[in-house]
Amino acid sequence: MMNRIGSITAKSIFKEGNDMSSNRSIVLQPIGVVRTSAPKDDVRLSSEESEATVEIYPQFQDALEGLEGFSHIFVLSYFNQLRPEQIGPLRVKPRRLLLKGFNLEELPLVGVFAIDSPTRPNPIGLSLVKLARIDGQRLTVRGLDCFDGTPVLDIKAYRPDYRAEDYELADWYKTLRLRAGEDV
C-alpha cells in the first residue's frame, strides 16, 4: 500500500494463448479497513457474534447512502496477512474441520475453489455479516472473519435473490459434516 488508502496491485498469471494472457495488472483501491480487538485465534473461529468495525475512508462515505436498514452485507477484503506458503497452492486440506475434531490425515486434499480457505490464487475474502449499525463512516458488523488492519475492497448489501433455495453439496463435504454431527 502506498499511502493511507494506497492501492493493491496484482500481476496477471494467465498462461500464453489464453484470452486473458497479457501482462496487465489489476489495481484495486481499498475503500476502508477492518478494526477489531479480537485476537487472531478468535477471528479464525469466526463466531457469528464476534463484533468488528469496518471503517470506510472519507472519500467513499457517500457510497454508504441507502445502506441503512439492510440487516446483512457482504464484505470483500484483501488477505494482507497471509504467510508466504499460503499464496499459490491450488489444493489444500479443509483445516477448519480440525476444529470439529478431525485429524489432518483424515481430511481430503481439495481445490481451493471448493472451500473457504484463505489460501487462494487471488487472496480475496468474502464474508456475509450482520450489519448491526452505521455511525458515520463506521459500520459495526457481527461475524466478520478478518484480522485487524485487513483492507476492505468493497461492500454489497445482501438481497433475498442471492439466496439459493435448492442447492447441492459435494459428497466429500456431506460425509465430513455427518461425521462431525452436523446437518447436511
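The values are calculated or read from the model by the stated rules, or taken from the named source; none is laboratory data. It should be emphasised that the depicted structure is a prediction, and the values quoted were computed from it without experimental measurement. We place every Cβ from the backbone using ideal geometry, glycine too, and count neighbours over all the protein chains shown.
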Every listed condition ((1) under 30 Å from THR53 (Cα atoms); (2) at pLDDT 95 or above; (3) more than 14 Å from the chain's Cα centre (by Cα); (4) of a type in the set (Val, Ile, Thr)) holds for VAL152 save (3)
Please work out which residue is surrounded by the fewest Cβ atoms within 10 Å (Cβ to Cβ), limiting yourself to the stretch 151-184 and to residues that are of a type in the set (Ser, Thr, Tyr) and closer than 18 Å to PRO108 by Cα. THR175
Unmet requirement for ILE124, which otherwise passes all of (1) more than 21 Å from ALA157 (Cα to Cα); (2) hydrophobic (A, V, I, L, M, F, W, C); (3) free of Cβ contacts under 8 Å to residues at least 60 places away in the same chain; (4) buried (at least 16 other Cβ atoms within 10 Å of the Cβ): (1)
Among strands (runs of 3 or more DSSP E) entirely within the stretch 22-134, at least 2 residues that are modelled with pLDDT of 95 or more occur in 32-35, 51-56, 72-78
I'd like to check something: does the stretch 145-152 contain any residue that is out of contact with any helix residue (DSSP H, G or I) (no Cβ under 9 Å at 6 or more places or on another chain) and assigned to a strand (DSSP E or B)? yes
Just give me the residues in the stretch 58-103 being closer than 25 Å to GLY136 by Cβ, more than 17 Å from the chain's Cα centre (by Cα) and of a type outside the set (D, E, K, R), in sequence order. PRO58, GLN59, PHE60, GLN61, ALA63, LEU64, GLY66, LEU67, GLY69, PHE70, SER71
Exactly one of LYS130, LYS156 is touching an Asp or Glu at 6+ places or on another chain (Cβ under 8 Å) and either touching a residue at least 60 places away in the same chain (Cβ under 8 Å) or hydrophobic (A, V, I, L, M, F, W, C) (or both), and that one is LYS130
Any residue in the stretch 53-81 that is over 19 Å from ILE124 (Cβ atoms) sitting within a Cβ distance under 7 Å of a residue that is among the hydroxyl-bearing types (Ser, Thr, Tyr) and not in a loop (DSSP other than H, G, I, E, B)? List the pairs, counting only those 6 or more apart or interchain. THR53/THR140
Please specify each residue of the stretch 153-172 satisfying the condition of being outside any loop (DSSP other than H, G, I, E, B) and either charged (D, E, K, R) or in contact with a Pro (Cβ under 8 Å, 6 or more places away or on another chain) (or both). LEU153, ASP154, LYS156, ASP161, ASP171, TRP172
